[in-house]
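*Asks:* Below are the structure tokens for one structure; questions will follow.
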Amino acid sequence: MMQSRIGRNVRRAAVTAAVACGFAALPAAMANADPGSLYFHYGDTNCVLNSGGAFICDFGGSYVPPNARQTVAGAQFPLPFAVQQVSYEGNPVFPAHPSFAPKSATVLPGGNPDINDVATGQGAWGPYVEFGGTRCEVSFRASFGCSSANHGFSTWWNNLAIN
């Protein structure tokens, strides 16, 4: 019984590593300051939303195991490494995932505007931005998240959930 649990955890870690490595280079391609992108920050988190539904957010700090979790195909598992960025390429077949783009991919020269300055609406607990099919919002007790095509992330206290 113990071996099957260990084997399952090893397989989960391998899938996580494959997902992270396979998508690591993709966010850099979308991080140009063209009219089809919207940049903003909420606290230490810098985000860029693309008109095609893609996004990347850099948290300014890391979410560490076991508080960083990924859901793939309905199965949730802890990520075995610290996560500082999450991105989604706009393809509904693939989930949002940890990414490793340079910080310059999410920040305009001179800094990003505050979410309050680019907000498209006000939710029950804070502002939200909708752009290109992505919605990012401040929620209950300063939690924050972005979603596009049923994929995205949520942060609260020291926790990160990616799907």
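What follows draws every value from the coordinates through simple rules; no lab data is involved. Bear in mind that the values here come from a model prediction, so they are computed numbers and not experimental data. We place every Cβ from the backbone using ideal geometry, glycine too, and count neighbours over all the protein chains shown.
*Asks:* In square nanometres, what is one fourth of the surface area of the convex hull spanned by the alpha carbons of segment 83-141?
*Replies:* Dividing the Cα hull surface by four gives the mean projection, 5.4 nm².
*Asks:* If you add up the charges near residue 99, with Lys and Arg at +1 and Asp and Glu at -1, over every other residue whose beta carbon is less than 15 angstrom from its beta carbon, what do you get?
*Replies:* In short, -1.
*Asks:* Still on this structure, please answer the following. Taking H placed 1.01 Å from N in the peptide plane, check which residues at least 5 places from residue 52 or on another chain put their amide H under 5 Å from its amide H.
*Replies:* When sequence neighbours closer than 5 places are left aside, there are no close amide H contacts.
*Asks:* Go ahead and run the numbers for FRET between residue 62 and residue 122, Cβ-Cβ distance against an R0 of 35 Å, rounding to 0.05.
*Replies:* The formula returns an efficiency of 0.70 here.
*Asks:* Provide the FRET efficiency to the nearest 0.05 for the residue 114-residue 93 pair, computing r from the beta carbons and using R0 = 35 Å.
*Replies:* Calculated value: 0.55.
*Asks:* Filter the chymotrypsin sites (Phe, Trp or Tyr not before Pro) in segment 69-163 down to the DSSP loop ones having no more than 12 other Cβ atoms within 10 Å, then list what survives.
*Replies:* Taking segment 69-163 and a limit of 12 other Cβ atoms within 10 Å, the loop chymotrypsin sites (Phe, Trp or Tyr not before Pro) found are 157.
*Asks:* Report the extension gain between residue 76 and residue 149 in nm, rounded to one decimal, defined as 0.36 nm multiplied by the number of residues separating them, less their alpha carbon distance.
*Replies:* The residue 76-residue 149 span can extend by a further 24.4 nm.
*Asks:* A follow-up question, please. Please compute the Kirkwood hydrodynamic radius of segment 48-163 from all pairs of different C-alpha atoms, in Å with one decimal.
*Replies:* 14.5
*Asks:* What's the ranking of 65-73, 42-50 by average number of surrounding C-beta atoms within 10 Å, highest first?
*Replies:* Packing proxy ranking, top to bottom: 42-50, 65-73.
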